[in-house]
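The values are calculated or read from the model by the stated rules, or taken from the named source; none is laboratory data. Please read these numbers as outputs of a predicted model, since none were measured by experiment. We place every Cβ from the backbone using ideal geometry, glycine too, and count neighbours over all the protein chains shown. Remember, those area values only see protein heavy atoms, side chains included, never the ligands or the DNA or RNA. Shrake-Rupley method; radii C 1.70, N 1.55, O 1.52, S 1.80 Å.
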Amino acid sequence: LKPHTPLATRLRKLSQLMTDDNAGKAGEKDMKKKDGTDGKEITVEKKDKRDVVVHPIVLLSVVDHYNRVAKGTTKRVVGTLLGEVSDFNLHITNCFAVPFEEDPRDPQVWFLDHNFHESMYAMFKKVNAKERVVGWYSTGPKIKPSDLSIHELYRRYCPEPVLVVMDVQPKDLELPMEAYYSIQEKTSDEVFKRTFLHVQSTVGAFEAEEVGVEHLLRDIKNASASTLAVRVGDKIASLKGLSMRLLEISQYLSQVVAGKLPMNQEIIYQLQEVFNLLPDQDSEELVRSFAMETNDMMLALYLGSMLRSTVALHNLINNKIKNKQLKEKGSDGKAKKAKGKDKKEGDDSKKEDGGDDKSKEKDKDKDKDK
């Protein structure tokens, strides 16, 4: 499925809705107010927390921080998130690393250099005054027991900080991040204790960031792989994601039928929209079009394999001809070298004979003079 098709959008929204519904907190409250004229009650939906939009530069910075500090270990890294509120969403547009250490035996013993955080934020503020501290990130990959106390530390710099837990080594095809706010929860001993509330998180980008990400992906792609192999791999990954979402929908509906979960009207509406977007599989025209598309693709695959084998055979023949020519040239060169050596040896022997004759004549002349 392409990421921007209506069906894919509906499925993504469904998975987010079911995640919030299973948690029992959808992040929205119904507020009732009276109209001054008629005295009727009007229901207004108001979001408690804003949705989080993480930009690509943040994901790249977190991965770079992890690779520099904690790659190959069980440690995690922590940093500060910067951003702004736009379009009724919290946009996380930048981040920076913060020195962090914790005791693996006692999770409540940890150290975070807040002086470094303050000095770094002061420098970032000089560059972009709009960006402010909106929270912090951690490469958990899950929430740790000490996260609440670290979250309270960040409440000094931001009244409602957001925690983004990144999974730098994702195994599934889902988004490698989860966003949380902290809320107060009343306990039996009348002491307010804070706990984390999950909120919706997506990946978004400005136009300039989209161009940069496309260039990075162009460099990352394997140049040796053909376009067809890349397309097939993308289709396989899309089908895996589709099967996972369908399994999640099936599990949710079975729990609703069994009475374990309450029915959510918005989820049912989204499911109905998905069913309306599905094509009619019993239509003869649809079956014929699918068959034609499959035949065209198989024909292209067949022609491609034939061309590849023909080119490989052609290169093999050319290689054999070239090797044969090189061998013939080598044998001719050796014969010429042997002839040249024989000529040199004959000339040297002639020179030696001529020298001996000259010495004999000189001796004869000396005897005559005597």
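What to note about this one:
- Long-range HN-HN contacts of N264 with modeled amide H, under 5 Å: none
- A simple rule links phi to the HN-Hα coupling: the Karplus curve 6.51 cos²θ - 1.76 cosθ + 1.60 with θ = phi - 60°, which for segment 141-157 gives x, 10, 6, 9, x, 7, 5, 5, 5, 5, 5, 5, 4, 6, 5, 5, 9 Hz, with x for Gly and Pro.
- Evaluating 6.51 cos²θ - 1.76 cosθ + 1.60 at θ = phi - 60° for every residue in segment 79-90, the Karplus couplings come out as x, 9, 9, 10, x, 8, 9, 8, 6, 6, 10, 8 Hz, glycine and proline recorded as x.
- The charge dipole of segment 196-295, taken about its Cα centre with unit charges on the Cβ of Lys, Arg, Asp and Glu (plus for the first two, minus for the last two), comes to roughly 480 debye.
- Around K125: net Lys/Arg minus Asp/Glu count, Cβ-Cβ under 9 Å: +1
- Here segment 120-202 carries DSSP beta bridges of which approximately 75% are antiparallel, counting only pairs with both residues inside.
- Protein heavy-atom accessible surface, 1.4 Å probe, per residue over segment 51-127: 56 Å².
- Whole-angstrom gap from segment 98-128 to segment 254-284, using each part's C-alpha centre: 46
- Pairs with C-alpha atoms separated by more than 29 Å, drawn from the list K144/K171; K171/K235; K142/K240; K142/K260; K75/K235; K142/K193, are K75/K235.
- Simple point charges give the picture: +1 on the Cβ of Lys and Arg, -1 on the Cβ of Asp and Glu, and for segment 51-127 a dipole about the Cα centre of about 280 debye.
- Overall form of segment 117-197 per C-alpha gyration tensor (a/c, 1.5; a/b vs b/c): oblate
- Rounded if a/c under 1.5, otherwise prolate or oblate - segment 220-337, Cα gyration tensor axes: prolate
- Dipole of segment 91-187, positive direction: furthest Cα of P107, C95, T139, with charges on the beta-carbon: C95
- Longest to shortest principal axis, alpha-carbon extents of segment 256-305, angstrom: 55, 25, 18
- Karplus 3J(HN,Hα) series, Hz, for segment 198-214 with 6.51 cos²θ - 1.76 cosθ + 1.60 (x for Gly, Pro): 6, 10, 5, 9, 9, 10, x, 8, 7, 4, 5, 5, 4, 5, x, 5, 4
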